[in-house]
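So the structure is just underneath, and the comments pick up after that.
The values are calculated or read from the model by the stated rules, or taken from the named source; none is laboratory data. The model shown is predicted, which means the values in this text are computed figures rather than measured ones. With ideal geometry, Cβ positions are generated from the backbone for all residues, glycine too; neighbour counts draw on all protein chains shown.
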């Protein structure tokens, strides 16, 4: 029997997210449109005057509650994109300094994936193959119906910031896990034409040659390595180290263990919980163990397909699936298409 | 929702005063009926009518600016309300037979009310015709308040689709054109001067575009800083000329920032789609492709 895992995690009732960071940006948009604070805070047991003090933190269920209220009150699909456009560099103390002083895309993505406070609610993974960089977003804490909204906002936030730094629209390619929404035109206007849906994963793709290109200095504060280093030291002190959202924590355990496939009981054990408690908590976060496991296998397979060029037979072997045919079937169940199709669709360019 | 009511405070107070006055006069001059004399069917019928008319007045005052038509409508309904009110009071209070005014009150104020309301409705009709004229380039004979963009008060994409399909169906053998345009570096403007200024610019831009269109053209908000213009029965040459005019109009537009008063010039990119009997999605797709290729601004040959 293995020892319990060595990571700390928080659940959807943990007060993690500073209200004056990301949530404030969303609330500002609503206030600007004349939507009163008691309406969008309804059901959160929060008061706007308290939020202004800058010391209140939200748990994820409050954050999602505000998002659901906002969707209903604003009633236009542009809201998430607007929120995204204004998100970065933001007013997030030293963290915003880091964003402002990052010298290139590599540094920027390092910052964003290291300090989860910059992308609350989602987790961010960066990986590369021979010529493409993949920026992958996952549910960190169980967002339920708010998931697509949050994805829209962060994907817009990230690309809008980088476009601004480079003073041009980069040739991004987007792949979203959910099916094509009715408001597809918002995607085309805010992100570009290169968008795909029902892909099983949420990815931004870009040619690797952009990673090391220095950001031109216009549009940015005088950037210097010194300023970046100072801000980084400050963030290191403040950063609550390594704490992950509950869903993100489980996903990371499942991914790290691969190709071994952990059962529900084994995973619960790693988290020091009884299987019943573990199951109940998962449900409480809007997930099931089966879905998380499928998601993990899909992501591992995709990673190996893209980076190592593994074929169905090798992947079946890797994942302990009887043969290539069964792997194909399983893969199709995870994301709705065959490995060959997704390989084709993920070709960048 | 009823923020307009503030402007009609005086009318409201006057009406309430009149109702109270009628009530007091009845009390003074008449005597209360016994419980068994009261006909509750009449009470519900007449009292309910009075209540409904009171509600109508509230809706009309709450949705209209001050002016002649509003005065006429509320005055007409006011008289009718008074008549029903007196009717309802009659059910509770007996006025001695020699009091001529009780009957008169009802039978005079009702026709006066109806006359004023009719006259008011006629003027409202006239007013609506002139408003429709003003709104024509926004809604083209079809009103659906749910499909309207809150910022620019233009139709949104669903409305755009339905209108393109309507033109294609009405005139299947004519050329129609669709322009889709966006603002150059609009997100930079938002970052530099706040989204509030960005929104103000989009609003102003929509007004400016409208002024440069013909009476049958239709302007819609596509998404973000992208607008769409339907040019019904228009060939590609005319569409090109129109888009050149729009481009010139926008690039010469001296937008003033709210905060600093500074002038800001912006350019637009325009994509053109044209053809016969195409579906809305085909038009939109073609125009978007043309828009993406047209940056920086150029005209389709």
- Query: Out of all the residues in segment B:285-299, which are within 21 Å of residue B:221 (Cβ to Cβ) and surrounded by fewer than 18 Cβ atoms within 10 Å (Cβ to Cβ)?
  - Reply: B:285, B:289, B:292, B:295, B:297
- Item | Residues of segment B:155-169 that turn out to be over 18 Å from residue B:206 (Cβ atoms) and within 13 Å of chain A (Cβ to nearest Cβ), as a count | 1
- What is the residue count in segment B:230-284 for residues that are assigned to a helix (DSSP H, G or I) and exposed (fewer than 14 other Cβ atoms within 10 Å of the Cβ)? 7
- Single residue of segment B:122-140 satisfying the filter (more than 13 Å from the chain's Cα centre (by Cα) and closer than 28 Å to residue B:161 by Cβ) that is modelled with the lowest pLDDT: B:140
- Determine whether residue A:43 is exposed (fewer than 15 other Cβ atoms within 10 Å of the Cβ), out of contact with any helix residue (DSSP H, G or I) (no Cβ under 7 Å at 6 or more places or on another chain) and not in a helix (DSSP H, G or I). no
- Of everything in segment A:79-94 that's within 28 Å of residue B:225 (Cα to Cα) and part of a loop (DSSP other than H, G, I, E, B), which residue is farthest from the other protein chains (Cβ to nearest Cβ)? A:92
- Item | Test: residue in segment A:314-330 that is under 14 Å from residue A:199 (Cβ atoms) and either at pLDDT 95 or above or buried (at least 16 other Cβ atoms within 10 Å of the Cβ) (or both) | no
- Message: Looking at the structure I just gave you, is residue B:180 in contact with a strand residue (DSSP E or B) (Cβ under 6 Å, 6 or more places away or on another chain), within 14 Å of chain A (Cβ to nearest Cβ) and outside any loop (DSSP other than H, G, I, E, B)?
- Response: yes
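Quick grid of which residues meet (1) within 12 Å of residue B:91 (Cα to Cα); (2) surrounded by 12 or more Cβ atoms within 10 Å (Cβ to Cβ):
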| site | (1), (2) |
| --- | --- |
| B:10 | no, no |
| B:25 | no, yes |
| B:30 | yes, yes |
| B:44 | yes, yes |
- Task: Would you confirm whether any residue within segment B:189-206 is touching a strand residue (DSSP E or B) at 6+ places or on another chain (Cβ under 8 Å), closer than 19 Å to residue B:167 by Cα and touching a residue at least 60 places away in the same chain (Cβ under 8 Å)?
- Result: no
- Item | Considering residues of segment B:141-153 that are within 14 Å of chain A (Cβ to nearest Cβ) and more than 11 Å from the chain's Cα centre (by Cα) only, the residue modelled with the lowest pLDDT | B:146
- Message: Suppose we filter A:188, A:232 for residues that are modelled with pLDDT under 95 and within 20 Å of residue A:114 (Cα to Cα); which single one remains?
- Response: A:232
- Answer yes or no as to whether residue A:113 is modelled with pLDDT under 95, assigned to a helix (DSSP H, G or I) and in contact with a strand residue (DSSP E or B) (Cβ under 9 Å, 6 or more places away or on another chain). yes
- Item | Lone qualifier among B:120, B:224 - being within 13 Å of chain A (Cβ to nearest Cβ), crowded, with 20+ Cβ neighbours inside 10 Å and in contact with a helix residue (DSSP H, G or I) (Cβ under 9 Å, 6 or more places away or on another chain) | B:224
- Task: Could you please find all residues in segment A:62-85 being on the phi < 0 side of the Ramachandran plot and surrounded by fewer than 21 Cβ atoms within 10 Å (Cβ to Cβ)?
- Result: A:65, A:68, A:69, A:71, A:72, A:73, A:74, A:76, A:77
- Just wondering, is there one or more residues in segment A:63-78 that are outside any helix (DSSP H, G or I) and touching a residue at least 12 places away in the same chain (Cβ under 8 Å)? yes
- Filtered residue count, segment A:177-194, keeping only those that are more than 16 Å from residue B:291 (Cβ to Cβ) and either buried (at least 17 other Cβ atoms within 10 Å of the Cβ) or within 14 Å of chain B (Cβ to nearest Cβ) (or both): 5
- Message: If residue B:248 meets every condition in (1) within 11 Å of chain A (Cβ to nearest Cβ); (2) under 27 Å from residue B:263 (Cβ atoms) apart from one, which number is that one?
- Response: (1)
- Could you grab me the full set of residues in segment A:93-109 that are at pLDDT below 95 and in contact with a strand residue (DSSP E or B) (Cβ under 8 Å, 6 or more places away or on another chain)? A:103, A:104
- Message: What's the number of the only condition in (1) within 11 Å of chain B (Cβ to nearest Cβ); (2) in contact with a helix residue (DSSP H, G or I) (Cβ under 9 Å, 6 or more places away or on another chain) that residue A:75 fails to meet?
- Response: (2)
- With respect to residue A:158, determine if the residue is in contact with a helix residue (DSSP H, G or I) (Cβ under 9 Å, 6 or more places away or on another chain), over 26 Å from residue A:217 (Cβ atoms) and buried (at least 21 other Cβ atoms within 10 Å of the Cβ). no
- Query: Is there a residue being away from chain A (no Cβ under 14 Å) and out of contact with any strand residue (DSSP E or B) (no Cβ under 9 Å at 6 or more places or on another chain) anywhere in segment B:230-242?
  - Reply: yes
- From the residues in segment B:193-221 that are surrounded by 21 or more Cβ atoms within 10 Å (Cβ to Cβ) and more than 21 Å from the chain's Cα centre (by Cα), which one is nearest to the other protein chains (Cβ to nearest Cβ)? B:198
- Task: Look at residue A:144 and say whether it is under 23 Å from residue A:344 (Cα atoms) and more than 14 Å from chain B (Cβ to nearest Cβ).
- Result: no
